[in-house]
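Novice: Encoded as structure tokens, here's the structure I'll be asking about.
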Amino acid sequence: MLFGQKHVERYRETDGEEGHDWQGTTTLLLTTTGRRSGETRTTPLIYQRFGDDYLVVASNGGSEGHPGWYLNLQADPDPEVQIKDDRFAAHARTATRDEKPDMWSTMTGAWPPYDDYQKKTDREIPVVVLERADSA
């Protein structure tokens, strides 16, 4: 099974032929700029389409702290996204309280464990909206 950096490498090498479809769901590659290091960091994340946008969840497996990629997006909300062979600049934002229920439902439909992750933590797990920069 692909995981972590090996997932990123195979996804990139095959334009998502290996790695896009993962454990019954779909993944994208999110490349952020490290808020302290300034280095690029790429993370495979489960995603779903939502209208013209893409959704990812900053679950960190239900841990108390936000994942590093989410903190990086707060510092620099303009990542690169790769979905299969489509690489594009994006703008990231956290879903609003009004938006989140429908978006959360979309994401738990793709990965039901998100509900379990939320139960494990007092932290409200954010849904992140990725908007194509070239369509804004």
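The values are calculated or read from the model by the stated rules, or taken from the named source; none is laboratory data. Quick caveat, the model's predicted, so the values are computed rather than measured. We place every Cβ from the backbone using ideal geometry, glycine too, and count neighbours over all the protein chains shown. Just the protein is used for accessible areas: all its heavy atoms, side chains included, with ligands, DNA and RNA removed. Shrake-Rupley method; radii C 1.70, N 1.55, O 1.52, S 1.80 Å.
Novice: Would you check the accessible area of LEU130, probe 1.4 Å, heavy atoms only, in square angstrom rounded to 10?
Specialist: For LEU130, the solvent-accessible surface is approximately 0 Å².
Novice: Heavy-atom accessible area per residue, the chain, 1.4 Å probe: how many Å²?
Specialist: 54 Å²
Novice: With a ≥ b ≥ c the root eigenvalues of the C-alpha gyration tensor of the chain, is it rounded (a/c under 1.5), prolate (a/b larger than b/c) or oblate?
Specialist: Rounded is the answer for the chain, as its axis ratio a/c remains below 1.5.
Novice: Any chance you could check the Cα centroid distance between the stretch 1-41 and the stretch 79-136 for me, in angstrom?
Specialist: Computed from Cα coordinates, the inter-centre distance equals 16 Å.
Novice: Can you check what the net charge comes to around GLY62, using other residues whose Cβ is under 15 Å from the Cβ of GLY62 (Lys, Arg +1; Asp, Glu -1)?
Specialist: Surrounding charge for GLY62 is -2.
Novice: Report relative contact order for the chain in percent, whole number only (criteria: Cα-Cα under 8 Å, sequence separation at least 6).
Specialist: Computed value for the chain: 27 percent relative contact order.
Novice: Ignoring ligands, DNA and RNA, what percent of the accessible area of the chain is carbon or sulfur (1.4 Å)?
Specialist: 45 percent
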